[in-house]
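Since every read-out is calculated from the coordinates, none of them should be taken as a lab result. These numbers were taken from a predicted model, which means no experiment stands behind them. Glycine gets a Cβ as well: all are built from the backbone with ideal geometry, and neighbour counts include every protein chain shown.
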Amino acid sequence: MLDKQIEAALNGQIEMEAQSSHFYLGMATWAETSGLNGTAAFLYRHSDEERQHMLKLIRFVNERGGKAHIPMLEAPKAEFEGLQGVFTTLLEHETRVTASINEVVDLCLSRKDYTTHNFMQWYVSEQIEEEALARTILDKLAMIGSDSAGLYLFDRDLEQLDPEV
Ligand code: OFO
């Protein structure tokens, strides 16, 4: 049976992953309507992957005798200050997600729930990759600046990039 405090923390994480998916959907829509189809494709895939992260948690909570709560979500941001604005917002959000995952891991250790601790390790590794990817994208954007040929190639490359590297 899942410890009640752990169950609440995992439900909080379900909300964060759902919110990530929702936020990235807002970014994808912005990109698609700004003529950035490669970026939109990347962000739609990212949004789908966040939904998978949420589902994985939902199934875990329910299978361990807890009850997953499907949260109400905050409306995603619809306007951005260009691609820099999108990926800065994304990195800030992912940093919050990482902090939240670390809190769940801490709680697992203090409650001696090694099963959930083990399950959460996948999320710990995933966060390292997601933050690194967002930083690489921001570095590339800083290099490109306002060069339109560079932005065209950046958008085209993002179409092929897997958010779950
Ligand atoms: Fe679920 O990895 Fe981002 O938020």
Using the charge dipole of the chain (Lys, Arg: +1 at Cβ; Asp, Glu: -1 at Cβ; taken about the Cα centre), state which of M1, Q52, G12 has its Cα farthest towards the positive end. M1
Using a simple spin-label model with points 7 Å from Cα along the Cα→Cβ vector, what separation in nm is obtained for Q121 and A142? 3.4
Restrict the search to the stretch 1-98; then list the trypsin sites (Lys or Arg not before Pro) that DSSP places in a loop and that have at most 10 other Cβ atoms within 10 Å of their Cβ. K67
Average projected area [Cα convex hull, the stretch 4-160], square nanometres: 9.0
Between the stretch 111-152 and the stretch 31-47, how far is it from one alpha carbon centroid to the other, in angstrom? 17
For the chain, give the magnitude of the charge dipole about the Cα centre (Cβ charges: +1 Lys/Arg, -1 Asp/Glu; no others), in debye to the nearest 20. 540
Could you work out how far apart the two model spin labels at Q160 and L109 are, taking each label as a point 7 Å from the Cα in the direction of the beta carbon, and quote it in nm? 4.1
Charge dipole of the stretch 72-165 about the Cα centre (unit charges at C-beta), most positive-ward option of Y114, I144, S125: Y114
Which number gives the lysine pairs in the stretch 4-160 that have C-alpha atoms under 22 Å apart and are eight or more places apart or on different chains? 6
Specify the angular offset, from 0 to 90 degrees and rounded to the nearest 10, of the alpha carbon long axis of helix 4-32 from the longest principal axis of the alpha carbons in the chain. 10
Can you tell me how much longer the chain between A75 and S34 gets when fully stretched, taken as 0.36 nm per residue apart minus their C-alpha distance, in nm with one decimal? 12.8 nm
Determine the sum of side-chain charges near Y44: Lys and Arg each +1, Asp and Glu each -1, restricted to other residues whose C-beta is under 12 angstrom from that of Y44. -3
Calculate for the chain the 222 nm mean residue ellipticity that helices alone would give, adding -39,500 (n - 2.57) per DSSP H run of length 4 or more and normalising by residue count, nearest 500 deg cm²/dmol. -28000 deg cm²/dmol
Just to verify a number: FRET efficiency for A149 and T95, C-beta to C-beta distance, R0 = 22 Å, to 0.05? 0.10
